[in-house]
Amino acid sequence: MSAAVYKAARGLVRDFGELSHLQITRKSIGDFVSSADKRSEQILIDELRKARPDFCFLCEEAGEIKGRDPRHRWIIDPLDGTTNFLHSNPHFAITVALEFDGEIIAGVTYQPILDELFWAEKGKGAFCNQKRLRVSSRRDLESLLVCCDYDHPVVKEIDGKISGIRYTGAGALDLAYVASGRFDVCFLQGLKPWDMAAGVLMIREAGGVITNMDGQPMDIYVDSVLCANELLHKTFLPLIG
């Protein structure tokens, strides 16, 4: 998985360096980014298929691809944070997860500009490159950095009572940042399975709690997420549920 995302990242980094030129010449940047998405995804599919030729795929661009082994499925987002990428903002990532019988058992999220590989394997922990990850242990509201949608009603209630609110536009990285303690709490809506799949495992392996926003057991096919350490999850659930 790591080798696949590293290979796909080379093309994205090259394309990222061309964006300012495209803006100056007023070419179709939207089409350019769409092509970058598709190239990245095809590299991921090709590399993962070499390693596990029978596995199925669920991809942002290509949709479902059937394989001879229906129990295993790769879940792929070749460019999470497309709008950031489009605006030459380096906050974007490639993310891949492996699902076995409906359960995520491995995942990687790679931020190529910072060369940060967030990864987790079920029962073996979560890491950024080779550093072990743990969710934040903060408890006091005034010290919290919260990642959320700005238009959620609870924002007005917590604004001014916490350290800060962020909305980054890259859901897969947001979840990786919760796993690494960079965000204390994250609640988002409108996410897709490929945005959440790898991050769900990372947060659990980093000692965090992750559910859908209504508190139900995490289902990546429901488009919302709430994650934090156990105490903060209990604190925020009644606020946003």
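The values are calculated or read from the model by the stated rules, or taken from the named source; none is laboratory data. Here the structure is a predicted model, which is why all the values come from computation and not from measurement. Here Cβ is always computed from backbone atoms with ideal geometry, including for glycine, and neighbour counts include all displayed protein chains.
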Quiz item: Which residues, taken from the range 56-70, are surrounded by 11 or more Cβ atoms within 10 Å (Cβ to Cβ) and either free of Cβ contacts under 8 Å to residues at least 40 places away in the same chain or β-branched (Val, Ile, Thr) (or both)?
Solution: Cys56, Phe57, Glu61, Ala62, Ile65, Gly67, Asp69, Pro70
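For the range 76-163, please list each of the strands (runs of 3 or more DSSP E) lying entirely inside it that holds at least 2 residues being among the β-branched types (Val, Ile, Thr).
Those strands (runs of 3 or more DSSP E) span 93-100, 103-111.
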Quiz item: In this structure, does Asp77 turn out to be crowded, with 20+ Cβ neighbours inside 10 Å, modelled with pLDDT of 95 or more, touching a strand residue (DSSP E or B) at 6+ places or on another chain (Cβ under 6 Å) and of a type outside the set (A, V, I, L, M)?
Solution: yes
Practice problem: Please go through the range 81-105 and pick out each residue that is within 13 Å of the chain's Cα centre (by Cα) and either surrounded by fewer than 16 Cβ atoms within 10 Å (Cβ to Cβ) or modelled with pLDDT of 95 or more (or both). | Solution: His91, Phe92, Ala93, Ile94, Thr95, Val96, Ala97
Quiz item: Would it be correct to say that Asp195 is assigned to a loop (DSSP other than H, G, I, E, B), outside the structural domain of Leu12 (by TED's automatic domain parsing) and acidic (Asp, Glu)?
Solution: no
Self-check item: Output for the range 198-231, where each listed residue is part of a strand (DSSP E or B) and either in contact with a Leu (Cβ under 8 Å, 6 or more places away or on another chain) or in the same structural domain as Glu121 (by TED's automatic domain parsing) (or both)
Solution: Ile210, Thr211, Ser224, Val225, Leu226, Cys227
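State yes or no: is Leu188 touching a His at 6+ places or on another chain (Cβ under 7 Å), touching a residue at least 12 places away in the same chain (Cβ under 8 Å) and closer than 26 Å to Asp159 by Cβ?
It is false that Leu188 is touching a His at 6+ places or on another chain (Cβ under 7 Å), touching a residue at least 12 places away in the same chain (Cβ under 8 Å) and closer than 26 Å to Asp159 by Cβ.
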Exercise. Inspect the range 117-136 for any residue being modelled with pLDDT of 95 or more, in the same structural domain as Asn89 (by TED's automatic domain parsing) and acidic (Asp, Glu) and give the result as yes or no.
Key: yes
